[in-house]
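The values are calculated or read from the model by the stated rules, or taken from the named source; none is laboratory data. As the structure is a prediction and not an experimental result, all values here were calculated from the model. Because the Cβ atoms are built from the backbone with ideal geometry, glycine has one as well, and the counts that use them run over all protein chains shown.
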Amino acid sequence: MIDVCTLVAPPEGGRLDRTLARLLPDLSRTRLQALVREGAVTVDGLPGRPSLQLKGGETLEVRLPPAPPSDLTPEDIPLDISYVDDDLVVVCKPAGLVVHPARGHPTGTLVHALLHAFPDLADQGGHERPGVVHRLDKGTSGLLVVARHDLALRRLQAQFLLRTTRREYLAVVHGVPGSEEGVVDAALARHPSDRLRISVVATGGRRAVTHWRRLDRTDGLSLLSCRLETGRTHQVRVHLASIGHPVVGDPLYGGRRERLPERLQAWTTRLDHQLLHAARLGFQHPITGVEMDFSAPPPPDFLAFCQEAGLAGFG
């Protein structure tokens, strides 16, 4: 059965094939270009072409062939579920757990755990990412929403793309910002020589905006609340490092544990991930339209570090 997917082009517009790749991340750009050439994509009711320049706001209709079900083996991994209904699941991911299978992590992921708890995810979102709407880095803890069927998946993905979701992170960072709050508006792109890293770039890249607010400070450390206006890969980590305040424990962006104050040096062997937590998540329910808001406290090691460091202000 052919699935007809209706989408709205994001405000910034851009090439049709690139826009579709962002809206439908589970399909390769090559496959999407083929669908366009086959006449399976219309723009405001008219056939599109891969290089068509969108202005933003156009209605895109894509006729998708049925996706093969996932053949991943479900695994009985404990889940911290904040909410569940027939359409979606909100889960609090622990630090150290990879969201979906990738190079070096073929098993033991959040997806494997979700497939065990919710077998109906198996036909949604692609072979290795069934139901996945958005992601968190392995070393980041916090809230994620997962779709239980295709309509919910497409509508939730559209909300993230159109920036109507609400996301707030807690971060323990090195140093003390000179002001109570600020905004980092800096485009991001893949690092030219290290494919694991993302970099701030002066030209090109994708616009990224992070609003931060200082909740507390101590000797050489601060607790920040970060609200995402956009949601790029490693955004909070790269943006905070770019203003001289890398996240504590971040192995990629300068948050080396050796920089900790003398009284916290014991944490150099106890801390195995960055102190970054997705604490709040809000979105419109993809089926009912009801506004949904969730919050989750930081994990025990995050709280223990803050207590020993003398950082508070989690309200």
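Restricting attention to segment 134-182 and to residues that are charged (D, E, K, R) and under 15 Å from the mean Cα position of the chain (by Cα), the residue that is modelled with the lowest pLDDT turns out to be R163. Test G244 against the criterion of being exposed (fewer than 14 other Cβ atoms within 10 Å of the Cβ), of a type outside the set (D, E, K, R), touching a Gly at 6+ places or on another chain (Cβ under 8 Å) and in the same structural domain as A186 (by TED's automatic domain parsing), and give yes or no. In short, yes. Exactly one residue out of P251, P286, P261, P300 is surrounded by 15 or more Cβ atoms within 10 Å (Cβ to Cβ) and not assigned by TED's automatic domain parsing to the domain that holds L156, and it is P286.
One residue alone among S199, S225 is crowded, with 18+ Cβ neighbours inside 10 Å, over 26 Å from M292 (Cβ atoms), of a type in the set (S, T, Y) and not assigned by TED's automatic domain parsing to the domain that holds V90, and that residue is S199. What is the number of the single condition among (1) outside any helix (DSSP H, G or I); (2) touching a Gly at 6+ places or on another chain (Cβ under 9 Å) that A152 does not meet? Just one mismatch for A152, condition (1).
Considering only segment 129-149, state which residues are in a loop (DSSP other than H, G, I, E, B) and in contact (Cβ under 8 Å) with a residue 60 or more places away in the chain. If you could, list the steps in order and put the result at the bottom.
Initially, segment 129-149 is screened for residues in a loop (DSSP other than H, G, I, E, B), giving 129-131, 133-140, 148-149.
Matches in segment 129-149: R129, P130, H134, L136, D137, K138, G139, T140, R148, H149.
Selection of segment 49-62 for residues being more than 14 Å from L7 (Cα to Cα), crowded, with 17+ Cβ neighbours inside 10 Å and out of contact with any Asp or Glu (no Cβ under 6 Å at 6 or more places or on another chain) yields only L52.
When the criteria are applied in full, T218 meets the requirement of being over 17 Å from H277 (Cβ atoms) and surrounded by 15 or more Cβ atoms within 10 Å (Cβ to Cβ). Within segment 210-218, does at least one residue satisfy the condition of being over 30 Å from D80 (Cα atoms), in contact (Cβ under 8 Å) with a residue 60 or more places away in the chain and out of contact with any strand residue (DSSP E or B) (no Cβ under 9 Å at 6 or more places or on another chain)? Yes, segment 210-218 contains at least one residue that is over 30 Å from D80 (Cα atoms), in contact (Cβ under 8 Å) with a residue 60 or more places away in the chain and out of contact with any strand residue (DSSP E or B) (no Cβ under 9 Å at 6 or more places or on another chain).
Remark: D120 falls outside the filter, which requires a residue to be at pLDDT 90 or above, among the acidic types (D, E) and either surrounded by fewer than 15 Cβ atoms within 10 Å (Cβ to Cβ) or assigned by TED's automatic domain parsing to the domain that holds A278 (or both). Please state which of the following conditions H239 fails to meet, knowing it meets all the rest: (1) over 13 Å from the mean Cα position of the chain (by Cα); (2) under 28 Å from L264 (Cβ atoms); (3) part of a loop (DSSP other than H, G, I, E, B). H239 satisfies all of (1) over 13 Å from the mean Cα position of the chain (by Cα); (2) under 28 Å from L264 (Cβ atoms); (3) part of a loop (DSSP other than H, G, I, E, B) except (3).
Within this structure, A189 fails the test of being within 25 Å of W212 (Cα to Cα), hydrophobic (A, V, I, L, M, F, W, C) and buried (at least 20 other Cβ atoms within 10 Å of the Cβ).
Filter segment 280-315 for residues that are part of a strand (DSSP E or B) and touching a Ser or Thr at 6+ places or on another chain (Cβ under 6 Å); which is nearest to H134 (Cα to Cα)? In this case the residue turns out to be F283.
Modelled with pLDDT of 95 or more, in contact with a helix residue (DSSP H, G or I) (Cβ under 7 Å, 6 or more places away or on another chain) and either of a type outside the set (D, E) or in the same structural domain as V238 (by TED's automatic domain parsing) (or both): is that true of T218 in this structure?
Details: modelled with pLDDT of 95 or more: no; in contact with a helix residue (DSSP H, G or I) (Cβ under 7 Å, 6 or more places away or on another chain): yes; either of a type outside the set (D, E) or in the same structural domain as V238 (by TED's automatic domain parsing) (or both): yes.
Judged against the criteria, T218 is not a match.
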